[in-house]
Every structure is written in C-alpha cells, then in structure tokens.
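Presented below is the structure to which this report refers.
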Amino acid sequence: MSGAALGLEIVFVFFLALFLLHRYGDFKKQHRLVIIATLLAWYLCFLIVFILPLDVSTTIYNRCKLAVNSSPAESNGSYVTLAPSKQKCFKPWSYIPNGIMPIFWRVVYWTSQFLTWILLPFMQSYARSGGFSITGKIKTALIENAIYYGTYLLIFGAFLIYVAVNPNFNLQWNQLQTIGIAAANTWGLFLLVLLLGYGLVEIPRSHWNGAKRGYLLMKTYFKAAKLMTEKADAEENLEDIMEEVRKVSESIKYNHPLRKCVDTILKKCPTEYQERMGRNMDDYEDFDERQNSYPSEKSLVKLHKQVIYSVQRHRRTQVQWQILLEQAFYLEDVAKNETSATRQFVHTFHSQEPENKIIQYFYTPTVEWYWECLLRPWFYRVLAVVLATFSVIVVWSECTFFSTKPVLSLFAVFIQLAEKTYNYIYIEMACFLTIFFLSICVYSTVFRIRVFNYYYLASHHQTDAYSLLFSGMLFCRLTPPLCLNFLGLTHMDATISHQKAQPTAYTSIMGSMRVLSFIADGFYIYYPMLVVILCIATYFSLGTRCLNLLGFQQFMGDSEMTSDLIDEGKELIRREKRKRQRQEEGENRRREWKERYGNRDDSTRNRVVHTDQKESSFSETNANRPLSKYTRSNGRTERDRIELLQDAEPLDFNADSINDDPLESDSGRYQPGGRYLSMSRSKIFDDV
C-alpha cells in the first residue's frame, strides 16, 4: 500500500475539481485556456487539503523511527521494537516513502504561486479584453497589469537594495525565499481570518434556518424581487448595447476596413438580434469617408467588451430566474403537502427535465413526503448542532493554540492522544475532518460573496471567465496559510510548538519563519484571535445591517424594506405560476384535441388539398373572368375553417399582456411576457 493512498487521492481530487468546475463554468462556450488554468488552480488547492493528513501520519511515523534509532533497538518485520520499553512503531497503511513528499509539495506550492501571482492576473485581463486579435488582447493585458506587476517589482527591488547596502544583513538565497513565502502567507492569512470568521457562524446558521420552511420561502420571495430588478436592468442594458451595435453595423458597410471587427461583434450578439440586424442591413451601399464619420477601432474594442459583458449578464439572469422559479414552486409544494392526509408528495408542476428511472423507482411520492415534511427538518437541525460544535472548537483552538504547556488546543490534544498509541487511522481522520471543515468555511465564503457584478460565482454554468480566474487566484492564496494554520492548531508546526522534532514535509518547504521573528512570534500567533470578533459581528449580522444602511437590500426579518420586497416577490411568483398553469392547460387541450380529432383532421386536410386543386384548375381556365362575391366569400369561409382546424388550441385572454403605460407600448421593444391574442377565437372552442 506504499504510495497507493497518494495515487488514489490524486485521482479523486482531480475528478472533484472537474465536477465543481463543470457546475460553475461552461466547457462549450468558454476558452480552453481559461478552463485549464482554473481547473489547475482548483485542483492544486484541493490536493493540498486532501494530502496534508497523509503527510502528518508519515511524519509521526518518522519521528517514532528517529526515537527508536537513538536508543538500542531491534527490527522485526514492518515495525521497530525498542529493547527496554518494548514500544512498537507500526508503519501506517498510507505511508509515503521518504523523498516523495518534499518534491511533491515543492512542485504543488510553486506552481500554485506562479498561477496566482503571474499567470491568472494576466489571463483575467486577457479574458476581459475586447480586442479582435490575440496580439491586441495580449497588449491590453500587459498594459492593465503593468501597475500590478510594477508595484511588486518596486517593493522587491527596494528591499534588495536595502539588504545590499546594510552590512548588518547577510541574507542568503534560502532566507530571501523564506521572506517571499512569509509575505505571501501573511497576505493570505489576513484574508483567511476574515472569511473564516464569517463561515464559522454562517454555515451552521444557514443549516439551522434550512429546517424552517417559512424562512426559506420568505427568503426565496425576497431573492425573486431582487433578481427581477437585476433581470430588468440586464435586459435594458442589452437593448441599449444592441442599439449601439445596430448603428455601428449600419454605418460601416461591407467594404469598410473595420467591417471584420463589426462582424466579430455581431457573432457575439444573441440570435434574435442578429436576425433583426441582418434584415435592416443595406450592404449594397459603398462607404464614403468624406460624408460620414465612422467609429474608430478603439471604440469598437470598447463596444466589443460591452457586448460580451451584457450578453453574459443577460443570459445569467435568465437562467437564474428559471432556477429560482422552480425553487419557489417546490417550497410552496412542500408547505402545501405538510398537511396532506395521504402522505404522498404532490407536485403542482411536473419536472421539465427527464427523471432518472432508478431514482424515480426508489424515491417514490411517499418517500419524498416523509423526507421533505418530516425527516429533512430534523436532519438539518442535527447537522447544524454538529457544525456549531465544530465552530466552537475551532474558535477556542484559534485563541489557545500558542499554549504548549499546558496544551489547550483541542485539536492538538486529539492528535497527541492518538500519537501515543500510533493509531494512524484516527490521526488521519481527525486531521482530515479538521482541515476539511476549515476549508468548507473558507471556500464556501468564496463561493458566496459577490462584489457587485465584478466577481460572482453563479452555478449552472453561468460564471464568466473573469470570475473563474479570480476564484482560482483566491484559492491559491488562501490554501497555504490555511494549511499552516491547521498545522499550528495541531502543534505539528515546530514554530508554534517550540519543539525540536522532525517537521512535516510541508513545513520544511515553507522554510523557517525565524528569519522574520516579528511575523513568526507576533502576527501568526495573535492575529488569528480576531476570529472571535468576526464571529460575534457575523452572529449579530453587523455586516448585513451596514450594507442595508448603505442602500444594498439584504434579507433582514425586522426591516420594512425586506417586507416590501417579500410581498413583491410573492406577487411575481404568483404571476409566473398562473402563466405556467395556462401553458400546461393549453398543452393538455392541444393533446386532447389531437387524440380525439386527429384522424378527422387528416381527412379534412386531404379534402382541403383536393378542393384547392379544383379551385386552382378552375381559376386557370377562367383567368380572364371576374369572380363573383359569393365565390370569394365561400373561399374565405373554407380558408377560415381550415385555419381553425389546424390551430385547435383555444387561446385564453392574457391580462398580463396588457400594458397600461402608453409610452412602453409605443417603444417598439419586444415584451417577452406578452402575446397577441384574438378575441374572436377565444370563445369558439369553449365547449370542447
């Protein structure tokens, strides 16, 4: 089993990162380099989290061997036996041979640092650039990152000059490398504590609130009102951008030098706008530079960038709106089924996606009712209590991990107790659960936060390239200090425990922080204590209240604005529900009509074709003879009858399509919710 555990975890973590990236990214539409860079960043960060427990168990075994070799001992099979104390050092099942872990950590760490500080920032600017060629995008990316890279080079150059001039400093290359690592970890630890303080409180609270049906439904109504505002804003922004594109497309003709750039912009537009612009183009006209003023290439680059952003935002809001509607309908179904006497879950609408037959066989309506109405709330409550207990342990350990005599950190106590008996399975499980919980608290906050429309991770393949790359940067900067913080909590870091024991392979790659004593003995020890203040602030929702005062609507139960948005969202959901019901009723009527009158409709179509052939032959023989009004009226009656038979669905009057605002009715914009309905047809088939 030597090295087998390492290989299995490498493969498992790769598919885990690929699954998460597929959920948030779009493999078909986004650039391959963006997908590969983001996948590599996520993969390396998740790999560090999963492999570090194996490093801890291997280090404990190596410490045992060193203790055995320093005293008279005899070897026996897979373990070493001390002669005086008869102590046995069993080799762990996941033991990794010496020399592999240092090389592995060195490759993983420096690759992640290269990604987060050099490659990913450059690719961010490249992805957001509106250039029409690779050279133009690279040039834009270099210009945007010149200040970013120049600042770091200036600081590093000033530090090197100071070290070279000052005779008291005699730093070698290893010490300079350690200083660079310490600077990167300090920046990451500063952000880590902020995200960790939020996640330690919000994750247990979100699961506790998940057991409240009324709470989730009210929050969904609140999200619906906010998302509708964002959706309307995105549609209006897209309309304005498409109007600018139309003007540019009409002004720049087919033989203009910049026409290729305009065609590139048109390819990024939605299909309906491309067809609309294609009908209004008069490319047979030549351009004249002396009569018209044409946009420059720089303005087209800016317009191209705006088109990419507006189309992505519009598509994202449309998809999120449909997902939110399904969630709201389902929560309303749960609230209705709680009082059901049959104890079978009944859905208002059938799922639009085909269900798996295996899941449908086991997850019957009865099982679904017991899970959704009885078991799930209690499961969420128990899970919330367990997560809250973990959060309390983490906060206590963050405040006391610097104490070695006595050992106050609970994680260090657990590891040391298992180390005495060399229970490697328990050691690896305890380490994995600890670092996994810390990672969930930090990474889930990264997935939840939203910086306006600048950074936003949206599921269901709706995250743009810039946000994906930015998340990769954050993961690569947060993971190394997260692992160092975990090693400090368990006293596996010699800098914290102040013991002359063999360090882990991960700590040896980081170097000795004693080069910067004020960071090792000050910042790394006392700064994590601020997590207590951040947890208290999160518990009382101080950040949410501040954002609400600044005008950013947040979900707060005691706010009047929240109540208004909940009522607005409830009305929006009710309107969409009526619309969905009318659509399903129309589909059912059309299906019933085809089942009842399908054969009659086919025979009618055959008679119609035969009649049309007779009328055509009659009109050819009497082309010079004027038609009488009776013949014309009979032909019109026949055509009306044919049309009604082909369109058998009775169309209901849609009150939502009426627009009371005359300005909006004359604007000429397409209203997706409206339909042009005929009053004469709506009452013909009421008896069917």
What nm distance separates the two modelled labels at Phe432 and Glu560, each placed 7 Å from Cα along Cα→Cβ?
5.4 nm
Can you give the extra length, in nm with one decimal, that the chain gains between Gln327 and Met529 once fully stretched, where that is 0.36 nm per residue apart less the Cα-Cα distance?
68.8 nm
In Hz, Karplus ³J(HN,Hα) per residue of the stretch 376-390 (6.51, -1.76, 1.60; θ = phi - 60°; x = Gly, Pro)
4, x, 5, 4, 5, 5, 4, 5, 5, 5, 5, 5, 5, 5, 4
Cβ crowding within 10 Å averaged over residues, with 430-440, 260-270 ranked highest first:
430-440, 260-270
Quickly work out the Glu272-to-Arg591 label distance, labels modelled 7 Å from Cα along the C-beta direction, and quote it in nm with one decimal.
2.7 nm
For the stretch 401-543, build the charge dipole from Cβ charges (+1 Lys, Arg; -1 Asp, Glu) around the Cα centre, then report which of Tyr527, Phe470, Asn423 sits farthest towards its positive end.
Tyr527
Tell me, what ³J(HN,Hα) does each residue in the stretch 530-539 have, in order and in whole Hz, if you take phi through Karplus 6.51 cos²θ - 1.76 cosθ + 1.60 with θ = phi - 60° and put x for Gly and Pro?
5, 4, 5, 5, 5, 5, 5, 5, 5, 4
How many nm separate the modelled label positions at Arg582 and Ala501, each set 7 Å beyond the Cα in the direction of the Cβ?
7.2 nm
For the pairs Lys139/Lys305; Lys28/Lys267; Lys267/Lys579, note any where the Cα-Cα span goes beyond 23 Å.
Lys267/Lys579
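Could you order peptides 483-491, 555-563 by the average number of other Cβ atoms within 10 Å of their residues, highest first?
Details: 483-491: 24.8, 555-563: 13.7.
The packing order, highest mean first, is 483-491, 555-563.
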Protein-only accessible surface order, largest first, of Phe523, Phe362 at 1.4 Å:
Phe362, Phe523
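The values are calculated or read from the model by the stated rules, or taken from the named source; none is laboratory data. Note that this is a predicted model, so its numbers are computed, not measured. Note: ideal-geometry Cβ built from the backbone for every residue, glycine included; neighbour counts use all protein chains shown. Surface accessibility is based on the protein's heavy atoms, side chains included, excluding ligands, DNA and RNA. Shrake-Rupley method; radii C 1.70, N 1.55, O 1.52, S 1.80 Å.
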